[in-house]
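Every read-out reported here was derived from the displayed coordinates using simple, explicitly stated rules and does not represent laboratory data. The structure presented is a predicted model; accordingly, all values stated were derived computationally and were not measured. In this analysis, Cβ positions are derived from the backbone assuming ideal geometry, glycine residues included, and neighbour counts consider all displayed protein chains.
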Amino acid sequence: MSIDWAKLPPPQPAPDLDSQGFWDSIGHGELRLRRCPSCALWHHPPLEHCRRCATPTEFEPVTSTGTVYTFIVQRQPAVVGYSALVPYTVAIVELDDQPGLRLTGRIVDIDADEVHIGMRVDSRIELLPGGDFHIPVFSPTLPREATP
Amino acid sequence: MDLSGAAIVGIGRTAYRRQSGRTGISLAAEAVRVALDDAGLAPADVDGMTCFSTGDPATPHRVSHAIGLDEIGWTVNTYAGGNQVALVIANAAAAIITGQADVVVVYRVLDAGVRYGKVTDAVEVGGVEQFSAPHGYLVPPQWFAMWARRHQHVYGSTCEDLGAIAINSRAHAVANEHAIARDPIDLDDYLAGRWIVEPFRVYDLAYEVDGAVALVLTSAEQAKDLAHRAVYPIGAAEGTGAGGMPDLWPDQTSMYSRIVAPRLWERTGLSAADIDVACMYDCFTYTVMATFEDFGFCEKGEVGDYFRAGRATYGGDVVVNPHGGLLSEGYLHGLNHHYEAVLQLRGGAGVRQVDDAELALVTAGAGPYGGAIVYGTERPC
Ligand SMILES: [Zn+2]
């Protein structure tokens with residue numbers, strides 16, 4: 001017996017006590033990450049206390065823009081729920097808020113062949129099929145927003 | 001640091017198959033028995049056993065029972081992938097040197113229940129991957145294709161360079177009857193290989209198989225009386241950065257090896273130029289590229305030229321993965337690299353024997369975490 005895994009939903013996140021605020025806020029349409037109120041360091045993945053100064057962190061809104069650090073184009077089905085989307089592009093995006101502050105997500109609204117490292121992107125929030133969770137996806141910023 | 005108070009005295013393995021139709025316990029027990037037989041030891045001589053896995057049922061407790069032991073003393077079941085193979089072996093050597101055990105078996109088994117290239121079940125994902133899995137991004141080929149792309153961007157390395165690594169591995173596997181993939185490939189074949197996850201084609205990925213490998217270690221003293229010429233772990237080093245999270249490693253053009261290589265060479269007093277056989281962990285071609293540079297065999301961005309010039313094969317500077325590696329011999333999570341290194345240093349590798357092999361580097365891991373061991377035919381003075 002083989003399951004038709006193409007028809008199954010994509011992996012769903014299992015929030016924990018440190019990440020619940022991320023999923024709650026993105027569910028309400030806002031991208032928020034944990035930040036240290038003392039030394040201002042952003043943390044993603046989330047930590048309860050700042051890894052630099054051990055101050056309790058708080059969720060704060062981040063800018064939605066960033067730069068593609070690197071990316072892949074998935075050409076064969078590999079992850080449940082995504083076989084119908086093949087080929088799809090996933091990028092590691094460095095957010096503008098802090099060097100090394102990275103979010104991973106799909107790149108949409110552009111041909112895979114046109115995606116490149118250094119490309120400026122903006123995030124928007126989409127419903128993740130199969131449940132009530134929302135996730136960020138990235139699309140190229142409009143030319144007028146391009147950075148030097 | 002001197003691990004050479006312990007020695008590898010036995011090696012064993014099962015056949016490597018796409019589908020064995022056997023359980024992990026059965027495969028592991030077979031490989032362990034073969035390794036003990038190779039050493040001229042019996043199951044009753046074993047008082048230590050260790051493995052690494054990501055939660056497989058073939059634990060040291062179960063496997064020691066399966067080979068006939070009613071009790072076992074020293075056991076460690078390390079939760080890890082290929083990144084901690086070197087650590088597991090170094091721990092086994094340390095257990096012997098410190099008198100915690102006399103004869104330790106190290107094994108790794110992969111059966112059909114364990115495949116890392118795809119996730120086909122409906123899943124809820126926690127931990128750090130709760131932020132990546134929902135994007136259809138959850139399996140290692142995806143993580144390391146990201147890294148390979150970054151290297152191409154920064155150093156101008158190419159898919160043809162990755163292909164040179166795949167071609168070299170396959171050429172070696174042709175002469176290895178134990179290898180799962182033995183048809184030679186050239187650059188046209190490589191480039192005609194289907195895309196899996198750009199920039200990786202099918203030949204850039206390890207070949208997942210069922211099978212098991214086992215090593216037997218005992219004290220250097222006792223090793224003198226056993227069947228084979230002993231092979232000594234001369235030094236080992238480990239390193240993990242970015243909390244072990246691949247996407248967070250600051251510079252994906254280098255791997256853990258950027259930390260581990262200087263640590264290993266400092267501890268052993270050796271360098272890449274001393275190495276005769278390099279069993280480079282090759283879950284992906286790019287893993288070889290980044291770690292080969294980091295261990296100092298060549299400069300950043302030069303791996304493709306190095307391999308194309310024949311410097312990574314017989315008659316060159318160092319023979320890289322004479323067994324065909326994880327890419328072509330089979331994905332035994334890197335313990336098969338240690339098997340091959342021991343075979344080469346014993347002079348028992350037959351048609352693929354590397355001339356005058358005295359020192360072997362075996363690396364383990366990819367991305368932010370890994371380690372390495374240097375083996376030698378002699379104990380350091
Ligand atoms: Zn702080």
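Structure notes:
- Between the listed residues B:S53, B:G73, B:A273, the Cα displaced farthest toward the positive end of the dipole of the protein assembly as shown, a dipole computed from Cβ unit charges relative to the Cα centre, is found at B:S53.
- Choice from B:Y137, B:Y306, B:Y107 with maximal GNM fluctuation in chain B (Cα, 10 Å cutoff): B:Y137
- Highest-MSF residue in chain B out of B:V342, B:V46, B:V154 [GNM, Cα springs under 10 Å]: B:V154
- Cut-off under 5 Å, modelled amide H: who pairs with A:T104 long-range: A:V93
- The charge dipole of the protein assembly as shown, taken about its Cα centre with unit charges on the Cβ atoms of Lys, Arg (+1), Asp and Glu (-1) only, comes to about 240 debye.
- Nearest 10 degrees, 0 to 90: helix B:24-39 Cα axis against chain B principal axis: 60
- Dipole of the stretch A:63-148, positive end: most advanced residue of A:P87, A:V108, A:V137 [Cβ charges, Cα centre]: A:P87
- Relative packing of peptides B:317-327, B:217-227, B:290-300 - highest average C-beta neighbours within 10 Å first: B:317-327, B:290-300, B:217-227
- A Gaussian network model of chain B, with springs between Cα atoms under 10 Å, assigns the largest mean-square fluctuation among B:G367, B:G68, B:G334 to B:G68.
- From phi via Karplus (6.51, -1.76, 1.60), per-residue ³J(HN,Hα) for the stretch A:116-127 in Hz, x at Gly/Pro: 8, 5, x, 5, 7, 10, 10, 9, 9, 10, 10, 6
- Computed over the stretch B:215-268, relative contact order equals 36 percent, with contacts defined as Cα pairs under 8 Å that lie 6+ residues apart.
- Cα-centred dipole magnitude for chain A, charges only on beta-carbon of K, R (+1) and D, E (-1), debye, nearest 20: 260
- Electrostatic tally near B:D305: other residues with Cβ closer than 11 Å to its Cβ, Lys and Arg +1, Asp and Glu -1, net -2.
- Here is how the number arises for chain A: DSSP H runs of 4 or more residues each give -39500 (n - 2.57), the sum is divided by the residue count, and the result at 222 nm is -1500 deg cm²/dmol.
- In chain B, helices alone account for a calculated mean residue ellipticity at 222 nm of -9500 deg cm²/dmol, with every DSSP H run of four or more residues adding -39,500 (n - 2.57).
- Dipole axis of the protein assembly as shown (+1 Lys, Arg; -1 Asp, Glu on Cβ), positive-most option in B:A312, B:F131, B:L187: B:F131
- Normalised by the number of residues in chain A, the mean separation of alpha-carbon contacts (under 8 Å, six or more apart) gives a relative contact order of 22 percent.
- Three-way shape label, the stretch A:14-62, alpha-carbon gyration tensor, a/c 1.5: oblate
- Here the dipole of the stretch A:63-148 is about 160 debye; that uses its Cα centre as origin and unit charges on the Cβ of Lys and Arg (positive) and Asp and Glu (negative).
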